[in-house]
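For reference, the structure discussed in these notes is given below.
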């Protein structure tokens with residue numbers, strides 16, 4: 001009986017001992033928040049690496065989690081527009097609404113690429129603020145880490161030195177790792193690739209790889225047979241070294257094109273949890289580079 | 001601003017004073033100060049300038065159908081049930097424009113959000129489907145809504161028509177709510193602070209439409225309570241279930257009919273109408289990734305108890321006690337078998353139940369045959385299949401076939417093609 005009471009009391013003492021309850025929209029920001037928050041933060045990640053970040057549903061469990069969050073950490077740039085506004089308004093939690101201190105967008109600290117000059121839905125699923133898959137540029141991770149640690153410190157001033165200390169430690173390890181990855185990835189420079197969707201643009205730009213085609217005819221439009229046939233033809237003039245897709249994407253188009261063009265088909269983890277080795281942000285980058293290097297051999 | 005200074009002061013104090021590594025602490029403090037400035041600068045950076053920077057988000061839904069049916073939709077009725085007066089008939093024959101919906105929404109200030117959903121009907125009228133404010137900053141999980149809004153009872157009631165998986169509403173919605181409930185009133189919701197989604201809500205309304213009848217009394221003509229629970233079963237499945245109760249006190253809820261000889265009669269009900277709804281929805285997708293394949297199963301059960309008095313007027317008005325207990329349910333499944341393509345199956349059924357009409361049983365004159373809709377002991381049912389293709393998330397084309405037995409002794413076979421296009425701001429869809 002006593003143990004039951006203890007259990008009930010323990011269950012009732014939410015949000016636990018952690019000072020900051022963090023709701024992360026995507027695994028990369030969940031991983032970063034955990035790096036910075038250590039045991040002072042309890043992080044809930046709303047999505048997995050196997051889920052298309054453009055098409056998430058405002059599930060009841062997400063609304064329940066947002067209700068108790070002190071800080072929502074999302075990408076912004078309209079990536080979560082299909083579900084997050086609903087989760088926020090239904091959460092009944094005033095601290096995490098747009099514009100409040102408990103709402104953090106990575107895009108506000110990052111440098112964006114592929115910002116369209118004009119937007120029209122005829123161009124497919126374009127994002128007016130630029131390409132939102134910004135976490136595959138290590139400099140962006142560093143920028144976001146800085147802003148996020150500052151935000152966590154503002155919300156939980158008591159533990160500010162803890163967060164900043166962890167952030168400095170993370171930055172040090174991250175800069176070292178970035179320098180190492182840049183050395184290792186030298187052979188990738190100029191590597192021509194066919195990608196599924198423009199979700200790898202930051203990675204390509206950072207390591208100097210070239211995109212010679214996308215499996216999607218337009219952003220967000222699923223690959224069609226006609227477009228794939230056309231792409232196959234264009235590879236005669238501008239050959240690629242590999243077909244690359246992210247773990248959450250439909251394998252069929254990439255595998256078909258790779259088979260027809262006799263190219264390796266590479267699956268990148270895309271975000272934390274997308275492969276066995278991508279257990280954290282470091283693992284994500286290491287595994288992505290290792291898989292791409294496989295194509296150059 | 002004051003809060004900001006308190007934060008900064010707190011940060012400064014939080015740094016351990018008498019620490020061996022004083023230089024390190026100093027460095028941290030400086031770093032923190034710079035970050036503070038950085039965050040402030042980012043927050044203050046204007047994103048957009050000009051007069052339209054604060055324009056609300058606008059989206060527009062265009063819909064239309066081309067339909068064939070073996071029975072005339074204009075003469076549609078649901079036998080065995082009091083007519084709801086709502087727009088419940090199947091799509092008109094031939095080409096027909098559906099309701100074009102204009103949705104305008106924005107945060108009003110840090111405390112409120114506002115939304116208008118106007119339906120431009122094919123009859124060239126404008127209908128206000130929703131026009132409400134909603135609080136943002138009440139806190140503790142509370143949200144207050146006021147104005148005209150889709151009621152939180154049941155599951156499908158709160159979903160906009162363009163997001164339905166079939167072109168029309170399930171039979172229980174047609175028979176018990178006139179298609180849907182969107183009363184004028186207030187709604188208070190509370191979300192429990194638990195990992196399991198637990199939500200409770202209460203509504204007070206005017207009772208401006210079926211199952212109520214608009215009256216000019218002071219106070220609320222309708223009230224309802226609902227509770228929803230939901231969560232995940234592993235990473236692939238999400239569910240939500242709910243129980244709702246709606247009570248109204250209609251006065252002179254009338255409809256025109258004809259007696260067994262074809263003479264016009266007016267019937268009206270006054271009394272209490274209580275409606276219970278139990279609902280569930282289950283969504284499955286491999287690894288929770290709905291883009292390639294996914295499955296959705298949804299069902300609701302309705303039960304209505306009405307008691308009061310009935311007036312039967314064929315020139316001379318008769319009055320007698322009236323009580324009924326009726327029910328209905330539907331179950332539907334929609335499967336996306338490949339990207340862009342979905343197929344769905346729905347079965348709905350109404351149970352006439354028991355109706356106690358003292359005008360008939362007391363032998364006041366009219367027989368059961370004179371009360372067409374109320375006394376026909378008939379259980380309507382319908383089977384529907386649909387196939388839809390969505391080139392993008394902003395467009396959808398649908399083929400729907402139905403075998404509708406809403407009318408006793410006749411089967412209405414319906415075929416329709418429907419388009420749904422959404423323009424403008426990307427609206428978020430409810431679960």
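The values are calculated or read from the model by the stated rules, or taken from the named source; none is laboratory data. Model, not experiment: these values are computed from the prediction. Neighbour counts run over all protein chains shown; Cβ positions are idealised from the backbone, glycine included.
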Item to check | Test: residue in the stretch B:400-422 that is within 12 Å of chain A (Cβ to nearest Cβ), within 25 Å of residue B:58 (Cβ to Cβ), in a strand (DSSP E or B) and under 21 Å from the mean Cα position of the chain (by Cα) | outcome: yes
Next on the checklist: The conditions are (1) closer than 21 Å to residue A:126 by Cα; (2) surrounded by fewer than 19 Cβ atoms within 10 Å (Cβ to Cβ); (3) more than 14 Å from chain B (Cβ to nearest Cβ), and residue A:202 fails exactly one of them. Which is it?
Outcome noted: (2)
Item to check | Which listed residue, of B:345, B:401, B:397, is within 30 Å of residue B:426 (Cβ to Cβ) and without any contact (Cβ under 8 Å) to a residue 24 or more places away in the chain | outcome: B:397
Checklist outcome for this item: In the stretch A:141-195, residues that are more than 10 Å from every other protein chain (Cβ to nearest Cβ) and outside any helix (DSSP H, G or I) total 8
Next on the checklist: Among the residues that make up the stretch A:168-175, is at least one of them within 17 Å of the chain's Cα centre (by Cα) and either farther than 18 Å from residue B:426 by Cα or free of Cβ contacts under 8 Å to residues at least 24 places away in the same chain (or both)?
Outcome noted: yes
Checklist outcome for this item: Residues in the stretch B:406-426 that are within 27 Å of residue B:282 (Cβ to Cβ) and surrounded by fewer than 21 Cβ atoms within 10 Å (Cβ to Cβ) total 1
Item to check | Hits in the stretch A:250-275 - residues which are under 30 Å from residue A:36 (Cβ atoms) and at pLDDT below 95 | outcome: none
Item to check | Number of the exception - residue A:47 against (1) touching a helix residue (DSSP H, G or I) at 6+ places or on another chain (Cβ under 8 Å); (2) on the phi < 0 side of the Ramachandran plot; (3) more than 10 Å from chain B (Cβ to nearest Cβ) | outcome: (3)
Checklist entry - Is it true that some residue in the stretch B:373-380 is modelled with pLDDT of 95 or more, surrounded by fewer than 18 Cβ atoms within 10 Å (Cβ to Cβ) and farther than 20 Å from residue B:331 by Cα? => result no
Checklist entry - Do you know which residues across the stretch B:131-164 are away from every other protein chain (no Cβ under 14 Å) and out of contact with any helix residue (DSSP H, G or I) (no Cβ under 9 Å at 6 or more places or on another chain)? => result B:131, B:146, B:147, B:148, B:161, B:162
Checklist entry - Out of all the residues in the stretch A:249-269, which are out of contact with any helix residue (DSSP H, G or I) (no Cβ under 8 Å at 6 or more places or on another chain) and within 14 Å of chain B (Cβ to nearest Cβ)? => result A:249, A:250, A:251, A:252, A:254, A:255
Next on the checklist: I'm checking my understanding of the structure. Among residues of the stretch A:215-244 that are in contact with a helix residue (DSSP H, G or I) (Cβ under 8 Å, 6 or more places away or on another chain) and outside any loop (DSSP other than H, G, I, E, B), which one is nearest to residue A:132 (Cα to Cα)?
Outcome noted: A:244
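Yes or no, residue by residue, for (1) at pLDDT below 95; (2) surrounded by fewer than 20 Cβ atoms within 10 Å (Cβ to Cβ):
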position: A:54; (1), (2): yes, no
position: A:60; (1), (2): no, no
position: A:72; (1), (2): no, no
position: A:113; (1), (2): yes, yes
position: A:116; (1), (2): yes, yes
position: A:121; (1), (2): yes, yes
Next on the checklist: Being at negative phi and either modelled with pLDDT under 95 or in a strand (DSSP E or B) (or both) narrows it down to one residue among B:80, B:86, B:147; which is it?
Outcome noted: B:86
Checklist entry - Yes or no: residue B:261 surrounded by fewer than 18 Cβ atoms within 10 Å (Cβ to Cβ) and either within 14 Å of chain A (Cβ to nearest Cβ) or outside any strand (DSSP E or B) (or both)? => result yes
Checklist entry - Out of all the residues in the stretch B:162-184, is one or more part of a helix (DSSP H, G or I), under 14 Å from the mean Cα position of the chain (by Cα) and surrounded by fewer than 19 Cβ atoms within 10 Å (Cβ to Cβ)? => result yes
Next on the checklist: Kindly evaluate residue B:288 against the criterion of being surrounded by fewer than 19 Cβ atoms within 10 Å (Cβ to Cβ), without any contact (Cβ under 8 Å) to a residue 60 or more places away in the chain, closer than 30 Å to residue B:338 by Cα and within 14 Å of chain A (Cβ to nearest Cβ).
Outcome noted: no
Checklist entry - Of all residues in the stretch B:382-399 being outside any loop (DSSP other than H, G, I, E, B) and within 14 Å of chain A (Cβ to nearest Cβ), which is nearest to residue B:151 (Cα to Cα)? => result B:395
Checklist entry - What are the residues in the stretch A:60-77 that are within 13 Å of chain B (Cβ to nearest Cβ) and under 15 Å from the mean Cα position of the chain (by Cα), if any? => result A:76, A:77
Next on the checklist: Kindly evaluate residue B:235 against the criterion of being out of contact with any strand residue (DSSP E or B) (no Cβ under 6 Å at 6 or more places or on another chain), within 14 Å of chain A (Cβ to nearest Cβ) and either in a strand (DSSP E or B) or surrounded by fewer than 21 Cβ atoms within 10 Å (Cβ to Cβ) (or both).
Outcome noted: yes
Next on the checklist: Quick test for you: out of B:271, B:230, B:299, B:308, pick the one residue that is within 14 Å of another protein chain (Cβ to nearest Cβ) and either buried (at least 16 other Cβ atoms within 10 Å of the Cβ) or within 23 Å of the chain's Cα centre (by Cα) (or both).
Outcome noted: B:230
Checklist outcome for this item: Checked against (1) within 30 Å of residue B:109 (Cα to Cα); (2) surrounded by 19 or more Cβ atoms within 10 Å (Cβ to Cβ); (3) without any contact (Cβ under 8 Å) to a residue 60 or more places away in the chain, residue A:160 satisfies every condition except (1)
